[in-house]
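What follows is one structure encoded as structure tokens, with my remarks underneath.
The values are calculated or read from the model by the stated rules, or taken from the named source; none is laboratory data. Please read all numbers here as calculations on a predicted model, not as lab measurements. Cβ atoms come from the backbone with ideal geometry, glycine included; neighbour counts cover every protein chain shown. Only protein heavy atoms, including side chains, enter the accessible area calculation; ligands, DNA and RNA are left aside. Shrake-Rupley method; radii C 1.70, N 1.55, O 1.52, S 1.80 Å.
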Amino acid sequence: MHGANAALTIETPASVPLTVDVTVNGTGVVCDSAGVAWLPGSGVLVVSDLHLEKGAAFARRGMMLPPYDTAATLARLAAAIARYNPRLVISLGDSFHDRTGSAHLPECYREQLQALQHGRQWTWIEGNHDPDRPVGLEGDFCNELHVETLIFRHEPKPGVTDGEVAGHLHPAARVVRRGKGVRRPCFASDGKRLLMPAFGSTTGGLELRHPAMRGLFDRTQLVAHLIGKERIYSVAFNRMNG
């Protein structure tokens, strides 16, 4: 098991795990290369920043994007749910790209979501993009949720907040190995707080050195768990280049 303050160098893909176990405020969390977090002690699956219907939201504003983001995101989400069979799914805010996204959701996608919700609890956390309860979908809706020693909310609060699991900032990290730079979305944790990567298929990322990240972590303990192609690479913040 790798603690949240563990540091691994980038290795050959064959030797790097699909998941990394971390401890956040005393609670064990599995960071999965699919971009989801799993709480084995309570059977909870966490996903953040789905940004469903992003392409449709842009189209309503006259900006055309390929209209495949929702289908791709839901397919990946279905695979993660099938893998863990959680009793509860927490969608950590910005589940839809704008506040009318759920109302405009095509029926085929609504049926897919309803099938994923069937037989389990589901909690939608309020996001800045989607501050209202999703239309036509089951599940609880709240600003934050407490599970074990963790507090789930969309946007991280400034300063130290023990046990906070948040999204919103779409964390990414850049490392250099053998003269080649790699930038990937990541889980970021210093053992006290966990910042989730964005799950949506067309979401961007904000590097851990960005000013918006300042003050959120003890950087001497911060580890970025980079999401590679079906792999996790864990690198201490103080060993990153650039």
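Residues that are among the basic types (Lys, Arg), modelled with pLDDT under 95 and farther than 14 Å from residue 227 by Cβ within the stretch 159-193 comprise 177, 178, 180, listed in sequence order. Do we have any residue at all in the stretch 198-216 that's of a type in the set (Lys, Arg), touching an Asp or Glu at 6+ places or on another chain (Cβ under 8 Å) and either more than 19 Å from residue 21 (Cβ to Cβ) or in contact (Cβ under 8 Å) with a residue 12 or more places away in the chain (or both)? Checked the stretch 198-216: no residue is of a type in the set (Lys, Arg), touching an Asp or Glu at 6+ places or on another chain (Cβ under 8 Å) and either more than 19 Å from residue 21 (Cβ to Cβ) or in contact (Cβ under 8 Å) with a residue 12 or more places away in the chain (or both). Restricting the search to strands (runs of 3 or more DSSP E) fully inside the stretch 102-217 and requiring at least 1 residues that are in contact with a Gly (Cβ under 8 Å, 6 or more places away or on another chain) gives 121-125, 150-153, 171-177, 180-189. A Cβ distance below 6 Å, combined with a sequence gap of six or more or placement on separate chains, defines the contacts here; from the stretch 19-32, residues that are under 16 Å from residue 147 (Cβ atoms) reach residues that are charged (D, E, K, R) and assigned to a strand (DSSP E or B) in the pairs 30/21. Residues in the stretch 77-95 that are among the hydrophobic types (A, V, I, L, M, F, W, C) and either touching a Cys at 6+ places or on another chain (Cβ under 8 Å) or surrounded by fewer than 14 Cβ atoms within 10 Å (Cβ to Cβ) (or both): 79, 82. Per the conditions (1) open to solvent by less than 20 Å² (accessible area, probe 1.4 Å); (2) under 16 Å from the mean Cα position of the chain (by Cα); (3) without any contact (Cβ under 8 Å) to a residue 40 or more places away in the chain; (4) closer than 22 Å to residue 88 by Cβ, the sole criterion not satisfied by residue 134 is (2). Considering only residues in the stretch 63-98 that are in contact with a His (Cβ under 7 Å, 6 or more places away or on another chain) and of a type in the set (D, E, K, R), the one that is nearest to residue 40 (Cα to Cα) turns out to be 94.
For the stretch 107-129, filtering for residues that are surrounded by 14 or more Cβ atoms within 10 Å (Cβ to Cβ), charged (D, E, K, R) and under 19 Å from residue 76 (Cβ atoms) leaves 2. If you scan the stretch 203-231, which residues turn out to be within 21 Å of residue 37 (Cβ to Cβ) and hydroxyl-bearing (Ser, Thr, Tyr)? Answer for the stretch 203-231, where residues must be within 21 Å of residue 37 (Cβ to Cβ) and hydroxyl-bearing (Ser, Thr, Tyr): just 203.
Filtered by the rule that a residue be open to solvent by less than 10 Å² (accessible area, probe 1.4 Å) and more than 9 Å from the chain's Cα centre (by Cα), the stretch 157-170 gives 163, 164, 165.
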